[in-house]
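Here the structure is laid out as C-alpha cells; the discussion comes afterwards.
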Amino acid sequence: MGFPTTSAVGLKRVGKPGSESYNQELHRIIKSNPKVKKDFEIVVPHVSYSQLIVDGDCKFTLASDTYQHPATQLVLSKESMEIIADDFKFVKENPATADEQLVRVFDEIVNQMNHYFTIFDQRSNRQKVTKARDKFVSLPTESEYEGAKKTQVGKTEVITNLLMGLHANAAQGDLKVLGLSTFGFFQSSGGLNLSEDAMIVYQSPTGLFERRICLKDI
C-alpha cells in the first residue's frame, strides 16, 4: 500500500522504519484510509521503489502499490542475436531468407517467454502472443509506408516491440497488429497481492551480493 508524501515526512519525525513508534504511526495512517475495511498487520514498514520481488516463479520489481515491472532477462541464441543485430542488418543483406529467419527468431522469443516470463500471464499476454503466430507469419518482412504514412507493420518492427516489452524495465511494446493493446504493462487496480512464500530480494549495487527474506519468516 502506498501513502502520501506528506505522511512520509511525518513518519520520519517519529522514528526509524521498523521502530515501535514508527510502526504505530504507520498503522494509524493506513487505518485512517477509508479503503481499509479490516484490521491488518504491518509486515514490512518500508518498501523501496524498484524493490526486487520473487514470488514463486514470478520475478518483478515494484513501481508502486499497483504497478510492477518484469525483472527476468531475456536470453537469445547467438544465431538470433546475429539476425537482429545492427538494426536487422541481416534482413537487408539476405532478403531471400529473411522471412524464414525472422519467424525462427519469433518462435525462440515466444518459447523463452512461455518458459520463464510468468508475469506475462497477466492480461493473457503469453497466450495472445503465442496464438498470434499465424498473424506474424503473414506480415511483410519490414514495415511498409506510403510517403510518411505507415500502411503495414512488418516482422522486424514486431520483434523490436516484443523485445521492448520483455526487457527488464518499464518499457512497453506496441503489438496491436497481433491483437494486444499493450505488451509489458502490469497494473493491479486493487493493489498487488503477494503470497506468503514471496521473497524480498536486497542486492548490493554491484549485484554480487544479495539477501533474501521470505515474507512468512518475518
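The values are calculated or read from the model by the stated rules, or taken from the named source; none is laboratory data. These figures come from a predicted structure and were not determined experimentally. Reconstructed Cβ throughout: ideal geometry from the backbone, glycine too, with neighbour counts over all protein chains shown. Surface accessibility is based on the protein's heavy atoms, side chains included, excluding ligands, DNA and RNA. Shrake-Rupley method; radii C 1.70, N 1.55, O 1.52, S 1.80 Å.
Annotations
- Selection count where residues are hydrophobic (A, V, I, L, M, F, W, C) and within 15 Å of Cys58 (Cα to Cα), scope the stretch 151-184: 2
- Scope the stretch 1-11; condition more than 22 Å from Ser189 (Cβ to Cβ) and surrounded by 11 or more Cβ atoms within 10 Å (Cβ to Cβ); matching residues: Ala8, Gly10, Leu11
Yes/no per residue for (1) farther than 18 Å from Asp99 by Cα; (2) more than 15 Å from the chain's Cα centre (by Cα):
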position	(1), (2)
Ala148	yes, yes
Gly154	no, yes
Thr160	no, yes
Gly173	yes, no
Ser181	yes, yes
Glu196	yes, yes
Gly207	yes, yes
Arg211	yes, yes
Ile218	yes, yes
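- Near pairs, Cβ below 7 angstrom, 6+ apart or cross-chain, from the stretch 104-128 (of a type in the set (Asp, Glu)) to any residue that is outside any helix (DSSP H, G or I): Glu108/Leu76; Glu108/Ser77
- Matching residues in the stretch 84-103 - criterion: being within 15 Å of Gly154 (Cα to Cα) and either in contact (Cβ under 8 Å) with a residue 24 or more places away in the chain or aliphatic (A, V, I, L, M) (or both): Ile84, Phe88, Val91, Pro95, Ala98, Asp99, Leu102, Val103
- Candidates in the stretch 51-70 are the residues that are touching a His at 6+ places or on another chain (Cβ under 7 Å) and of a type outside the set (S, T, N, Q); of these, the one that is nearest to Ile200 (Cα to Cα) is Phe60.
- For the stretch 171-184, taking the residues that are touching a Gly at 6+ places or on another chain (Cβ under 8 Å) and hydrophobic (A, V, I, L, M, F, W, C), the one that is surrounded by the most Cβ atoms within 10 Å (Cβ to Cβ) is identified as Leu175.
- Looking only at residues of the stretch 132-164 that are in contact (Cβ under 8 Å) with a residue 40 or more places away in the chain and either over 19 Å from Lys89 (Cβ atoms) or among the aromatic types (Phe, Trp, Tyr) (or both), we find that the one that is surrounded by the most Cβ atoms within 10 Å (Cβ to Cβ) is Phe136.
- Selection within the stretch 187-218 - open to solvent by less than 70 Å² (accessible area, probe 1.4 Å) and without any contact (Cβ under 8 Å) to a residue 24 or more places away in the chain: Ser204, Gly207, Ile213, Cys214
- Consider the stretch 86-111 and keep the residues that are within 30 Å of Gln68 (Cβ to Cβ) and touching a helix residue (DSSP H, G or I) at 6+ places or on another chain (Cβ under 8 Å). The one that is surrounded by the most Cβ atoms within 10 Å (Cβ to Cβ) is Val105.
- Counting only residues that are touching a Phe, Trp or Tyr at 6+ places or on another chain (Cβ under 8 Å) and free of Cβ contacts under 8 Å to residues at least 40 places away in the same chain, the stretch 166-186 holds 3 of them.
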